[in-house]
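> One structure follows; several queries about it will come next.
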Amino acid sequence: MQTSKTQEHSTLPAEAIASAFAHALDLAQQWQGATAPNPPVGCVLLGVDGEILAAAAHQRAGQPHAEALAIAQSQSNGSFARIHTIIVTLEPCNHSGRTPPCAGALLQTPAHHVWIGVRDPNPRVACGGAEHLQRAGLTVHDLAELETGTTEELHRRAARLLAPFVKHTQTGLPWVTLKQAISREGGMVPPAGQKTFTGPAALDLAHRRRKQADAVLTGSGTVLADAPDFSVRRVSDFQNKQRHLVILDRRARVAPAYIAAAQSRGFLVSIETDITTALTRLGAAGCLEVLVEAGAELTQSILAGGHWDEHVLIRQAADPGANDLVTIRYRSTTT
Ligand code: AOF
Ligand code: ZN
């Protein structure tokens, strides 16, 4: 079919953009937890009929950005000349960091439209990428402009995906996810001889959350009571991923043997006495997301002190065999 000049330049149907965003978010989510201190980013290249030409995600700091990978893919599969619209979950960068600027790379393609999920809060990038593309004649759109029934859900996913990077860029602190499980009796302590009281779905969730975290934070009470190994088990972990394990231990109660064993499992272990200092140090070390897995006392003080961003609450099912109830709330309303 011959495509007219107007069709070549016009915006693709909203449904095609929405499904490409969903795909870009799925890809980026697979690397959530692998990219720190960089954000997880996904990019999809579409042709004039809304067909997917290439799709990729940023995998690790120092390696190519999502856009560069997608463009390289389109070059190797011969679709480069057909690129019409670029979908990217984060505003393309406009600076030379560890890798060359993506905005410049996008301008080398024949694309007419770029859709952005979230604007980059990095002061070296902030609005620079989008502005640069616009000045060069591309039409830049924000996901929020998209008129579909799924836009809100896509926007919520994009915002959560980038929230740790946004917070870290703006404050130097990591995003704190507080995981709390409550038994049907209302307590947080598993019955004697058991490490957990939640079912398989809640355990899967817990391990997925560990996988996406750059650090696990716990208290000495939990270590003394359970000696948790804090490893990622129910999902496959990233290769060579090194997580921090921070233990809040004011009275130096944690045995050196526990610390040595955690180090031999690959953790960078540190003992801290104060939550604010612990989070500041994790942020300075480039951690984007911290998962708190602690007992009642530390959990309550993190809630009361406002040191959390996301509270994942797992309530044990009233009936044995039924699914536990998971609720997620955010401290700020921007996510
Ligand atoms: C993008 N696409 O896939 C990512 C971006 O040191 P560099 O070169 O890796 O640059 C890191 C910065 O680039 C990071 O702080 C963030 O602002 C942006 N990340 N940008 O266009 C990507 N990961
Ligand atoms: Zn880039």
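The values are calculated or read from the model by the stated rules, or taken from the named source; none is laboratory data. In this text the structure is predicted, and so the values were computed from the model without any measurement. Neighbour counts are summed over all protein chains in view; Cβ atoms, including those assigned to glycine, are modelled from backbone coordinates with ideal geometry. When the accessible area is computed, the model is the full protein with side chains, heavy atoms only, and any ligands, DNA or RNA have been set aside. Shrake-Rupley method; radii C 1.70, N 1.55, O 1.52, S 1.80 Å.
> For the range 64-101, give me each residue that is within 11 Å of ligand 2 (Cβ to nearest atom) and of a type in the set (S, T, N, Q).
Those that are within 11 Å of ligand 2 (Cβ to nearest atom) and of a type in the set (S, T, N, Q): Asn94, Ser96, Thr99.
> Can you pull out every residue in the range 236-264 that is under 20 Å from Arg208 (Cβ atoms) and exposed (fewer than 13 other Cβ atoms within 10 Å of the Cβ)?
Ser236, Gln239, Asn240, Gln242
> Considering (1) surrounded by 17 or more Cβ atoms within 10 Å (Cβ to Cβ); (2) modelled with pLDDT under 85, say which one Glu185 fails and leave the rest.
Evaluating Glu185 over (1) surrounded by 17 or more Cβ atoms within 10 Å (Cβ to Cβ); (2) modelled with pLDDT under 85 leaves (1) as the failure.
> When both residues are 6+ apart or on different chains and their Cβ atoms are under 8 Å apart, which pairs have a first residue that lies in the range 13-34 and is within 17 Å of Leu53 (Cβ to Cβ) and without any contact (Cβ under 8 Å) to a residue 60 or more places away in the chain, and a second that is open to solvent by less than 30 Å² (accessible area, probe 1.4 Å) and in a helix (DSSP H, G or I)?
Leu27/Ala66
> Criterion first (in contact (Cβ under 8 Å) with a residue 60 or more places away in the chain, within 16 Å of ligand 2 (Cβ to nearest atom) and outside any loop (DSSP other than H, G, I, E, B)) does Ala56 satisfy it?
So Ala56 fails the test.
> Answer yes or no as to whether Ser231 is surrounded by 14 or more Cβ atoms within 10 Å (Cβ to Cβ) and in a loop (DSSP other than H, G, I, E, B).
yes
> Follow-up. Answer with yes or no whether Ala105 is modelled with pLDDT of 95 or more, on the phi < 0 side of the Ramachandran plot and within 14 Å of ligand 2 (Cβ to nearest atom).
yes
> Here's a follow-up. Scan the range 188-215 for residues that are modelled with pLDDT under 95 and polar (S, T, N, Q) and jot them down.
Across the range 188-215, the qualifying residues are Gln194, Thr196, Thr198.
> Restricting the search to the range 68-127, which residues are among the aliphatic types (A, V, I, L, M), in contact (Cβ under 8 Å) with a residue 24 or more places away in the chain and assigned to a helix (DSSP H, G or I)?
Ala68, Leu69, Ala70, Ile71, Ala81, Ala103, Ala105, Leu106, Leu107
> Name the pairs: first residue in the range 263-277 and assigned to a helix (DSSP H, G or I), second residue surrounded by fewer than 16 Cβ atoms within 10 Å (Cβ to Cβ) and of a type in the set (S, T, N, Q), Cβ to Cβ under 8 Å, at least 6 apart or on different chains?
Ile275/Ser301
> May I ask you to verify whether Ser236 is part of a loop (DSSP other than H, G, I, E, B), over 27 Å from Ala192 (Cα atoms) and of a type outside the set (Lys, Arg)?
Spelling it out, Ser236 is indeed part of a loop (DSSP other than H, G, I, E, B), over 27 Å from Ala192 (Cα atoms) and of a type outside the set (Lys, Arg).
> So which residues in the range 84-108 are among the β-branched types (Val, Ile, Thr) and open to solvent by 10 Å² or more (accessible area, probe 1.4 Å), if there are any at all?
Passing the criteria: only Thr99.
> Quick one: how many residues across the range 304-334 are assigned to a loop (DSSP other than H, G, I, E, B) and at pLDDT 95 or above?
6
> Same structure, new question: With the structure loaded, tell me whether Gln29 is under 17 Å from Cys102 (Cβ atoms) and surrounded by fewer than 20 Cβ atoms within 10 Å (Cβ to Cβ) or whether it fails that test.
Considered against the rule, which asks whether it is under 17 Å from Cys102 (Cβ atoms) and surrounded by fewer than 20 Cβ atoms within 10 Å (Cβ to Cβ), Gln29 comes out as no.
> Can Thr151 be described as open to solvent by 10 Å² or more (accessible area, probe 1.4 Å), of a type outside the set (D, E, K, R), touching an Asp or Glu at 6+ places or on another chain (Cβ under 9 Å) and farther than 25 Å from Leu279 by Cα?
Considered against the rule, which asks whether it is open to solvent by 10 Å² or more (accessible area, probe 1.4 Å), of a type outside the set (D, E, K, R), touching an Asp or Glu at 6+ places or on another chain (Cβ under 9 Å) and farther than 25 Å from Leu279 by Cα, Thr151 comes out as yes.
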